[in-house]
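Working notes, beginning with the structure itself.
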Amino acid sequence: MTTTPEDTGTVAARRKTVAQLRATGLSLRDIAAKLGTTKDTVHRDIQALSRDTATPPDQDCRAPVAPDILTVALPAATPDTSPATPSRDTATPVAPGLTVPLDAALLDDLATLTANGTSPEDAVRQALAHLAKSYRLAWGIGLYPTTVDPVISRSQFAPYRPPAAEQART
């Protein structure tokens, strides 16, 4: 089946409407009834919107590093040697920091994320980037209003592909 430019515009307009209606909490059937289409078409539109906003598999899934926005202070981190009070003579400005109380559950989670040798700082950055990406996706395609935390019901894993050097040894 081929699509004409008019069809593409119509599909894009319908998908935009689907995202807006979904953000209001309407079910797939209700949206389909409003648009005069089937719930399967609405479902495919939502999947297409999700694919359109996803990061391609060959792209880095992590958010760009923004050290001036967030610095996470953890006990395992290297102690900060910068002066406690910034002065006009200080060459580098002090970045804002975040201190998180470490309870038993958070320590267990952090131990899991660092079991492969990842530093605590990188583990927190990766986890935060992954969760933020999921939230942006859910809000961006209209599955949830931006005032509501999206519920993530499952994860999908890419198959493990060992590096070429590791494959040569086996």
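The values are calculated or read from the model by the stated rules, or taken from the named source; none is laboratory data. Please read all numbers here as calculations on a predicted model, not as lab measurements. Here Cβ is always computed from backbone atoms with ideal geometry, including for glycine, and neighbour counts include all displayed protein chains. Heads up: the accessible areas ignore ligands, DNA and RNA and are worked out on the full protein's heavy atoms, side chains in. Shrake-Rupley method; radii C 1.70, N 1.55, O 1.52, S 1.80 Å.
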Problem - Close pairs (8 angstrom Cβ cut-off, 6 or more residues apart or separate chains): at positive phi in region 91-103, at pLDDT below 80 and of a type in the set (Gly, Ala, Ser) anywhere - result: none
Exercise for the section: Would you mind stating whether Val148 is β-branched (Val, Ile, Thr) and either open to solvent by 100 Å² or more (accessible area, probe 1.4 Å) or modelled with pLDDT of 90 or more (or both)? Expected result: yes
Exercise for the section: Determine, yes or no, whether Pro120 is open to solvent by less than 60 Å² (accessible area, probe 1.4 Å) and over 30 Å from Leu28 (Cβ atoms). Expected result: yes
Problem - region 123-145, residues that are in a loop (DSSP other than H, G, I, E, B) and crowded, with 16+ Cβ neighbours inside 10 Å - result: Ile141, Gly142, Leu143, Tyr144
Problem - Residue list for region 78-129, restricted to those being at pLDDT 70 or above and basic (Lys, Arg) - result: Arg125
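Look at Ala12 and say whether it is at pLDDT 90 or above, surrounded by fewer than 16 Cβ atoms within 10 Å (Cβ to Cβ) and more than 25 Å from Asp149 (Cα to Cα). Can you show your working first?
Working: at pLDDT 90 or above: no; surrounded by fewer than 16 Cβ atoms within 10 Å (Cβ to Cβ): yes; more than 25 Å from Asp149 (Cα to Cα): yes.
Taking the combined requirement at face value, the residue does not satisfy it.
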Exercise for the section: Count, please, the residues in region 107-141 that happen to be over 10 Å from the mean Cα position of the chain (by Cα) and without any contact (Cβ under 8 Å) to a residue 40 or more places away in the chain. Expected result: 15
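Suppose we keep only residues that are of a type in the set (D, E, K, R) and at pLDDT 85 or above within region 15-30. Which one would you say is surrounded by the fewest Cβ atoms within 10 Å (Cβ to Cβ)? Step through it out loud before you land on a result.
Start the filter on region 15-30 by keeping residues that are of a type in the set (D, E, K, R), which leaves 15-16, 22, 29-30.
Narrowing the set further to residues that are at pLDDT 85 or above leaves 15-16, 29-30.
Working: Arg15: 19, Lys16: 13, Arg29: 11, Asp30: 15.
Checked region 15-30; the qualifying residue surrounded by the fewest Cβ atoms within 10 Å (Cβ to Cβ) is Arg29.
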Fill in the blank from the handout: When region 142-157 is checked residue by residue, the ones that are in contact (Cβ under 8 Å) with a residue 12 or more places away in the chain and out of contact with any Ser or Thr (no Cβ under 6 Å at 6 or more places or on another chain) are Gly142, Leu143, Tyr144, Pro145, Asp149, Pro150
